Amino acid sequence: MAWVLSVGTAVPEARYSQKTIRSHCEAAFKGTEAGGREDLFDRAGVETRGLVEAPEYYFADIPFARRNADYFPHAERLARRALQDALEQAGVAIEELTHLFSVTTTGLMTPSLDAHLAQALPFRRTIKRTPLFGVGCAGGAVALSRAFEYLRGHPEETVAVLSVELCSLTFLPKDGTMTQLVAAAIFGDGAACAILCGTKSPAAGRAKLGFVDNESVLIPDSLHVMGWDFGADGMRLVLSTDAPAIVERSLEDALSPLLARHGVCVDELSPLILHPGSARILDACERAMGLPDGAAALSRAFLKRHGNLSSASVLFILKDALAQPKIAAPWGLLAALGPGFALEALLIRNA
């Protein structure tokens, strides 16, 4: 088992309303495929989100090399804030961390962001690092799963799971497709860090919830659903309209083995942390799992406040779950879908 001691988060200081972003897109996309379709903003389930740059930056046709270079200072600043927040909440010193799992899908760096942080901050020199790229919206759950598996073999240790996503820096203003309009309507920027420990850690007794099992499932014939096309202008979002239908027909079967191993029914799950890819994806998840109205309330509230933060989203929602009063239900679930098309899920045990 792996216990969750805390989750720290950080978002850009500048926040923008859905109305503001919509008005910029209406002007930029006039005469394109996406032009005149801005009513999509009203159905996205997003009211506000943080962006690392002012809206004018994104519509200035800045070259990919510059946008990717701009990723690092913003990412480092948000990562430091999220890490510090998490460590303070957990009552853990940075020197106690033995492994740093990090994930992003919105910036390219070698050495990776975690290496820069490990050099700049007082981590132990022997810190193990596992940087992850390419797992997209599932990345937060993937990193938590890898940390869970590591702590089963190292139950006395304490680790950090860090996600930084600056989705806005991938926006392509000259790509007037519906995919770019969807991206503008739902994605935001932010960072989150979870501190986890094993069962033999002295800190384990302070935790409210932990992970007892996990599942990774690749859905057949679905590589086309989500990802990036890399070109001279940067990362071009791939997002198939098939996604909600694939989620609806695949999610229940993908989750069933994990729940069956522990004799858990869907209606016993609280908290329920589902990656809010979009309002339509959450609708599909609820239908697939036979959930009652309001079951995905934590995810919908997060989407409304922050938009889709890709891999960081489930960590933000996990923080919201930790802030709830003591939960009577014994079981919970954290699940996300991302490029592959793949499900990553963890079964939660409430203390």
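The values are calculated or read from the model by the stated rules, or taken from the named source; none is laboratory data. It should be emphasised that the depicted structure is a prediction, and the values quoted were computed from it without experimental measurement. FYI the Cβ positions are ideal-geometry reconstructions off the backbone, even for glycines, and counts take in every protein chain you see.
A few points about this structure:
- Residue in the stretch 38-59 that is among the polar types (S, T, N, Q) and farther than 27 Å from residue 232 by Cα present: yes
Yes or no, residue by residue, for (1) in contact with a strand residue (DSSP E or B) (Cβ under 7 Å, 6 or more places away or on another chain); (2) assigned to a helix (DSSP H, G or I); (3) under 27 Å from residue 9 (Cα atoms); (4) among the β-branched types (Val, Ile, Thr):
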| position | (1), (2), (3), (4) |
| --- | --- |
| 192 | yes, no, yes, no |
| 205 | no, yes, yes, no |
| 216 | yes, no, yes, no |
| 249 | no, yes, no, no |
| 254 | yes, yes, no, no |
| 259 | no, yes, no, no |
| 262 | yes, no, no, no |
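- Checked against (1) touching a strand residue (DSSP E or B) at 6+ places or on another chain (Cβ under 6 Å); (2) at pLDDT below 95, residue 97 passes all but a single condition, namely (2).
- Only one of 231, 198, 176 that is assigned by TED's automatic domain parsing to the domain that holds residue 28 and over 20 Å from residue 345 (Cα atoms): 176
- Meets criteria (in contact with a Cys (Cβ under 6 Å, 6 or more places away or on another chain) and either under 20 Å from residue 3 (Cβ atoms) or buried (at least 20 other Cβ atoms within 10 Å of the Cβ) (or both)) for residue 86: yes
- Contact map, the stretch 318-330: residues that are farther than 23 Å from residue 263 by Cα and in contact (Cβ under 8 Å) with a residue 24 or more places away in the chain paired with residues that are of a type outside the set (Ser, Thr, Tyr) and in a loop (DSSP other than H, G, I, E, B), Cβ distance under 8 Å, separation 6+ or inter-chain. Pairs shown: 322/208.
- Qualifying residue in the stretch 163-184 (condition: buried (at least 17 other Cβ atoms within 10 Å of the Cβ) and acidic (Asp, Glu)): yes
- Test: residue 40 is touching a residue at least 40 places away in the same chain (Cβ under 8 Å), under 15 Å from residue 180 (Cβ atoms) and among the aliphatic types (A, V, I, L, M): yes
- The listed residues are 28, 44, 79, 54, and the only one of them that is among the small types (Gly, Ala, Ser) and surrounded by fewer than 16 Cβ atoms within 10 Å (Cβ to Cβ) turns out to be 54.
- Residue check for residue 146: under 16 Å from the mean Cα position of the chain (by Cα), more than 18 Å from residue 239 (Cβ to Cβ) and not aromatic (Phe, Trp, Tyr): yes
Residues are listed down the side, and each one gets a yes or a no for (1) modelled with pLDDT of 95 or more; (2) surrounded by 21 or more Cβ atoms within 10 Å (Cβ to Cβ); (3) among the charged types (D, E, K, R); (4) outside any strand (DSSP E or B):
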position: 271; (1), (2), (3), (4): no, yes, no, no
position: 283; (1), (2), (3), (4): no, no, yes, yes
position: 292; (1), (2), (3), (4): no, no, no, yes
position: 299; (1), (2), (3), (4): yes, yes, no, yes
position: 303; (1), (2), (3), (4): yes, yes, no, yes
position: 315; (1), (2), (3), (4): yes, yes, no, yes
position: 327; (1), (2), (3), (4): no, no, no, yes
position: 333; (1), (2), (3), (4): yes, yes, no, no
